[in-house]
């Protein structure tokens, strides 16, 4: 039976916990961090997240922003993860005056951002051996240009600690540890991160598994984007690529036969086999729906050999001949008019410029009159500055793309290029103009990425839709969750497919594919039906009220992501929040100034904003850089309260002093 601490009026609130934790410096220290202006959450979860659950005489779980395991004995405690540190405020209720050890399941910031406060009061940190550098050498990540530009790999994930913590011990699969009345064994359970571990704790006659984010309650995971991982290719092409690894970890966890499984997020489960089996089944079902219409089958058929010939999957369409008014090289399509004028789409490398010059020298084309940008990815924009020096023409693209490519330092996105491009005309959705014998119409086309455009070209009896990288003959290019591929009617690929149904193009073009192709109306309807089914299936797989929260990592983001400043100046940035819910939400946030700026630096004031349903909201944040701060690159995390969720250090901005 599970018992929970209660006050005379019901569940103990966090403030009650802090007020009760007067025995010892640890509780007092964290009590100071829980300022009087801390915002309330919108729902009863404000109380529910503050519950202390007694699993047995010596074992408890604190339900803060994450679930923190507590083994306690003789006034001391060993913790499993620590979240933002507010767990210290409840330890007095257990007779604890000192945190002796903290054992971490994985390196993500929400698991460990409160560690330094606890270390200052004597806690000893133990971490997965494979992830030690992500605790005590985080600057190697934050200062590496590979962690900032041309992002094709998501491992390690950027939810890295903002500042290092001292590591005393490391643990690998099979290691054991005795502490007080508890015996512990380490079980490697990679998936959510490459080095994730589970701690199997034997105490008071029970075996309890503290599994981090391997599972989130019955049949669910906390989010999906951390499962992005490449196998035969980079992580970029690995949607749910860590699924097989996670499934093996879940099998190992099941074989360990715990009585209880305690996830970092979600509910404690007292029927582990059923909860774990349900998660495996849902992961398999979701992956099957992904494969059924995946464009990746065109590029890497060997990745999907086990699904070949499935009657309930979209068949691969044959290619079509390319009209003679087009040229293709690299990731560039070029439209050539009857008088040999050229309209170029994308420029990813210098070879494109060389090819155009060669065509000019051979007399196959005349003047280059325009450049269209399909999306911001580096293999489409890296050479645009050189192109703009070589050819005096206007650059046009959708407004969403223009925002990224004209100021890439302000964004953190997959495949982003540091190249700064000039955009002469940012188009609106449906904007149309004449170019020689062709009618061109621009569309916002949130397919492969949210920041994407489509160009519809009519003329010479052709109806040609240039879709960037959003489709192949095999289906949709949604193989990188970090690209912000939203599910839902009228958004993401559903919007793109609805546009295809409306425009009836004779030819579709992908920047990486030499042939043209098309889809029948039946195939378009099949893909839209698949996406509608995914909205339900992926919704069941995650604990959020819409699956996009678990799919769309940048639903909370800082703008500008990176900026330069000087000591003594204020830094201002906006925290953007996408409300994927069907109801309005209140978002509240604050910035957490780096400790390296001085002991007197405290988090900023909380700011709030109402965000209407299915829309974006922004919160304005200002951070003061103290005089005398050393030059360097600093990570400024942002705490978020959103609806029922408390999300410590959920996103970050970079400040270069």
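Conditions: (1) closer than 29 Å to residue 242 by Cα; (2) out of contact with any strand residue (DSSP E or B) (no Cβ under 6 Å at 6 or more places or on another chain); (3) free of Cβ contacts under 8 Å to residues at least 60 places away in the same chain. Residue 480 meets all but one. Number of the miss?
Exception for residue 480: condition (3).
What strands (runs of 3 or more DSSP E) lie completely within segment 371-447 and have 3 or more residues being more than 31 Å from the chain's Cα centre (by Cα)?
432-435, 438-444
Among the residues of segment 301-316, are any farther than 30 Å from residue 362 by Cα, surrounded by 17 or more Cβ atoms within 10 Å (Cβ to Cβ) and at pLDDT 95 or above?
Looking through segment 301-316, at least one residue is farther than 30 Å from residue 362 by Cα, surrounded by 17 or more Cβ atoms within 10 Å (Cβ to Cβ) and at pLDDT 95 or above.
Conditions (1) in contact (Cβ under 8 Å) with a residue 24 or more places away in the chain; (2) not in a loop (DSSP other than H, G, I, E, B), marked per residue:
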| position | (1), (2) |
| --- | --- |
| 84 | yes, no |
| 100 | yes, yes |
| 127 | yes, yes |
| 140 | no, yes |
| 151 | yes, no |
| 156 | yes, no |
| 162 | yes, no |
| 192 | yes, no |
| 195 | yes, no |
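So which residues in segment 165-179 are outside any strand (DSSP E or B), in contact (Cβ under 8 Å) with a residue 24 or more places away in the chain and surrounded by 16 or more Cβ atoms within 10 Å (Cβ to Cβ)?
Across segment 165-179, the qualifying residues are 165, 167, 173.
Can you go through 390, 358, 342, 383 and tell me which one is in contact with a helix residue (DSSP H, G or I) (Cβ under 9 Å, 6 or more places away or on another chain) and surrounded by fewer than 18 Cβ atoms within 10 Å (Cβ to Cβ)?
Result: 390 is the single residue among 390, 358, 342, 383 that is in contact with a helix residue (DSSP H, G or I) (Cβ under 9 Å, 6 or more places away or on another chain) and surrounded by fewer than 18 Cβ atoms within 10 Å (Cβ to Cβ).
Select from segment 250-284 the residues that are assigned by TED's automatic domain parsing to the domain that holds residue 213 and within 22 Å of the chain's Cα centre (by Cα) and list them in ascending order.
Of everything in segment 250-284, those that are assigned by TED's automatic domain parsing to the domain that holds residue 213 and within 22 Å of the chain's Cα centre (by Cα) turn out to be 263, 264, 265, 266.
Quick check: anything in segment 137-150 assigned by TED's automatic domain parsing to the domain that holds residue 105 and closer than 26 Å to residue 283 by Cα?
Within segment 137-150, none of the residues are assigned by TED's automatic domain parsing to the domain that holds residue 105 and closer than 26 Å to residue 283 by Cα.
Just to be sure I understand, how many residues within segment 204-249 are within 23 Å of residue 112 (Cβ to Cβ) and either touching a helix residue (DSSP H, G or I) at 6+ places or on another chain (Cβ under 8 Å) or outside any helix (DSSP H, G or I) (or both)?
Count: 21.
Would you confirm whether any residue within segment 576-591 is loosely packed, with under 15 Cβ neighbours inside 10 Å and closer than 20 Å to residue 225 by Cβ?
no
Give segment 570-604 a look and list any residue that's within 17 Å of residue 657 (Cα to Cα) and out of contact with any strand residue (DSSP E or B) (no Cβ under 8 Å at 6 or more places or on another chain), or say none.
Passing the criteria: 595, 598, 601.
Would you pick out the residues in segment 180-190 that are crowded, with 17+ Cβ neighbours inside 10 Å and assigned to a loop (DSSP other than H, G, I, E, B)?
189, 190
Can you find even one residue in segment 1-11 that is more than 32 Å from the chain's Cα centre (by Cα) and either part of a helix (DSSP H, G or I) or modelled with pLDDT of 50 or more (or both)? Explain how you work it out, then say what you get.
Here is the first cut: in segment 1-11, the residues more than 32 Å from the chain's Cα centre (by Cα) are 1-11.
With either part of a helix (DSSP H, G or I) or modelled with pLDDT of 50 or more (or both) added as a condition, the list becomes none.
The answer is no; no qualifying residue exists.
Among the numbered criteria (1) in contact with a helix residue (DSSP H, G or I) (Cβ under 6 Å, 6 or more places away or on another chain); (2) within 30 Å of residue 375 (Cα to Cα); (3) at pLDDT below 95, which single criterion is violated by residue 289?
Single failed check for residue 289: (3).
If you go through segment 468-477, how many residues are more than 14 Å from residue 334 (Cα to Cα) and part of a loop (DSSP other than H, G, I, E, B)? Break it down stepwise before answering.
Quick first cut of segment 468-477, residues more than 14 Å from residue 334 (Cα to Cα) only: 469-477.
This time we only want the ones that are part of a loop (DSSP other than H, G, I, E, B), so: 469-470, 473-474, 477.
Residues meeting the conditions: 5.
Looking at this structure, is residue 465 modelled with pLDDT of 95 or more, outside any helix (DSSP H, G or I) and either farther than 20 Å from residue 376 by Cβ or touching a strand residue (DSSP E or B) at 6+ places or on another chain (Cβ under 7 Å) (or both)? Steps first, please.
On the way: modelled with pLDDT of 95 or more: yes; outside any helix (DSSP H, G or I): yes; either farther than 20 Å from residue 376 by Cβ or touching a strand residue (DSSP E or B) at 6+ places or on another chain (Cβ under 7 Å) (or both): yes.
Criteria met by residue 465.
Please count how many residues of segment 499-531 are without any contact (Cβ under 8 Å) to a residue 60 or more places away in the chain, farther than 18 Å from residue 548 by Cβ and part of a helix (DSSP H, G or I).
Residues that pass the stated criteria total 10.
If the requirement is being outside any loop (DSSP other than H, G, I, E, B) and closer than 30 Å to residue 465 by Cβ, which of these qualifies: 352, 280? Break it down into steps so the answer makes sense when it comes.
Working: 280 fails: closer than 30 Å to residue 465 by Cβ.
Just a single option satisfies the conditions, and that option is 352.
Any residue in segment 637-657 that is modelled with pLDDT under 95 sitting within a Cβ distance under 7 Å of a residue that is in a strand (DSSP E or B)? List the pairs, counting only those 6 or more apart or interchain.
The qualifying pairs are 643/585.
The values are calculated or read from the model by the stated rules, or taken from the named source; none is laboratory data. Values in this document were obtained by computation on a predicted structure and should not be read as measured data. In this analysis, Cβ positions are derived from the backbone assuming ideal geometry, glycine residues included, and neighbour counts consider all displayed protein chains.
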